[in-house]
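The values are calculated or read from the model by the stated rules, or taken from the named source; none is laboratory data. Bear in mind that the values here come from a model prediction, so they are computed numbers and not experimental data. All Cβ positions, even for glycine, are placed from backbone atoms using ideal geometry, and neighbour counts span all protein chains on display. These area figures cover heavy atoms from the full protein model, side chains too; ligands, DNA and RNA do not enter into them. Shrake-Rupley method; radii C 1.70, N 1.55, O 1.52, S 1.80 Å.
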Amino acid sequence: MSLILYAIPFFLGFIALEYLVAKRTGQQVHRFHDAVTSLNIGFISETIRSVLKLMSVFVYALVVDQVAVFEWDLKNPAVWVLAFFMYDFFYYWAHRSGHEVNLLWASHVVHHSSEEYNLTTALRQSWTNQVFYWVFYLPMAIVGIPVKVFVITALVSALYQFWSHTRLVGKLGWLDRVFVTPSNHRCHHGRNDYCIDKNYGGTLIIWDRLFGTYTEERDAEPVVYGTLSPLNSWNPVWGNFKNYATLWRDMRSAKGLGEKLHVVFAPPGLVKASRPETPPALNARRFETPVTRWQTVYGWLASGLVLALVIELLRVAPDLSWPARTAFTAMIVLNTAFLSRIFEGRTGAIKLEAARCLLMLAPLAAGLWFYPVPLAVRGAALVSLLASLSLLFLLQRDSAPYKPLRPMDAA
Ligand SMILES: [Zn+2]
Ligand SMILES: [Zn+2]
């Protein structure tokens, strides 16, 4: 079971607190569609990353076993201090590469695809980054940092980064120049000129100051969140794979091996075909679609179900076969993709969602799932199936036509 799952109640608690404080102080830092999209991307990332993480930890352990130069005692505090600094240093370079190598940007971009900035953005993590980033930490295995120390250090770093994704904490003086804080990480998520490719740190910001990528938040130029090539969609699948599709298209149109390699490895801004003709102006409207009452109710119910399924999948995953595990994951992914079609008011989205509910919940209610289902779960599945179908009926009546305030881009 993924350790970070235990942190989910705390994450959700702090998100609720952020929402209440923002409301109390008259600030608007959340939007419904954006927050639900971020949460669903985050929940699913845990199921996919838990598998990929196992593979990277396996390789790490293999390197420690075969190549390690030193042997460390877990009780030696020096190994924990060394691991902390090494991890944070390599995190800086992994994250920097995530922005400056087109292939890695295709994976990391989803974390930056929100045009909002709040604690839900912290959970909007890439589904594919575990495929690439483990390589950056292998030097830690070579110096013999034990697997346990590596895993705990990585977890602490991930947990630390959560709190920096908020607009409710202002500048913090000298802390902003030593640690990653809300102020300097806000710049990292900005698409203002002074924010692009800045502040890559994970826990310490000193690496940015050392390697020339540090910037401070400017009061006169408020940060505008998002990317130069906006996602313009609430679809978690598209959010995770849009840039891979663009990369594939650019690679196919590139002439010769040299140009193809350029598309894969050059900084995104230098890959000609990927560069947006004109990035949206800083005061351009953000992507937005109408929110209706029943959409809100249905959105929260569906996301609650996604979270419940993710927790269930992580609980039973070790006993499932790979095809069953993949099918289970695909069903959860479909949940969020179809929900986004409703949010975007797309034609036929509600009928498609009703079909998906029947396809997924009817067998669950009948107990014909990937494993024997207890009676209580069957009952819950039946109730949620009936609730989903009734809500979809209500949604059908008040659903708004698809009118994005900014056109979907063609890519
Ligand atoms: Zn980033
Ligand atoms: Zn971030």
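Okay, here's what the table says:
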{"quantity": "Selection count, segment 86-125, where residues are farther than 26 Å from PRO222 by Cα and either aliphatic (A, V, I, L, M) or within 11 Å of ligand 2 (Cβ to nearest atom) (or both)", "calculated": "6"}
{"quantity": "The lone exception for ILE205 - which of (1) within 14 Å of ligand 1 (Cβ to nearest atom); (2) closer than 23 Å to GLY239 by Cβ; (3) open to solvent by less than 60 Å² (accessible area, probe 1.4 Å) it fails", "calculated": "(2)"}
{"quantity": "Selection status of GLY256, open to solvent by less than 70 Å² (accessible area, probe 1.4 Å) and under 24 Å from THR128 (Cα atoms)", "calculated": "no"}
{"quantity": "SER56 open to solvent by less than 60 Å² (accessible area, probe 1.4 Å) and within 16 Å of ligand 2 (Cβ to nearest atom)", "calculated": "no"}
{"quantity": "Segment 109-135, subset assigned to a helix (DSSP H, G or I) and among the β-branched types (Val, Ile, Thr), residue nearest to ligand 1 (Cβ to nearest atom)", "calculated": "VAL109"}
{"quantity": "Selected residue [more than 16 Å from ligand 1 (Cβ to nearest atom) and hydrophobic (A, V, I, L, M, F, W, C)] from ALA106, ALA68, ALA94", "calculated": "ALA68"}
{"quantity": "Of all residues in segment 63-108 being of a type in the set (Val, Ile, Thr) and outside any helix (DSSP H, G or I), the one that is surrounded by the most Cβ atoms within 10 Å (Cβ to Cβ)", "calculated": "VAL101"}
{"quantity": "Wholly within segment 175-266, helices (runs of 4 or more DSSP H) carrying at least 2 residues that are away from ligand 2 (no atom under 16 Å from the Cβ)", "calculated": "175-178, 206-211, 236-253, 256-265"}
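Condition check ((1) in contact with an Asp or Glu (Cβ under 7 Å, 6 or more places away or on another chain); (2) aliphatic (A, V, I, L, M)) across all residues:
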residue	(1), (2)
ASN76	no, no
ALA94	no, yes
SER113	no, no
GLU116	yes, no
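Every residue, every condition in (1) assigned by TED's automatic domain parsing to the domain that holds SER114; (2) more than 19 Å from the chain's Cα centre (by Cα); (3) at pLDDT 95 or above; (4) not aromatic (Phe, Trp, Tyr), yes or no:
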position	(1), (2), (3), (4)
ALA141	yes, yes, yes, yes
LYS148	yes, yes, yes, yes
THR153	yes, yes, yes, yes
TRP163	yes, no, yes, no
PHE179	yes, yes, yes, no
HIS189	yes, no, yes, yes
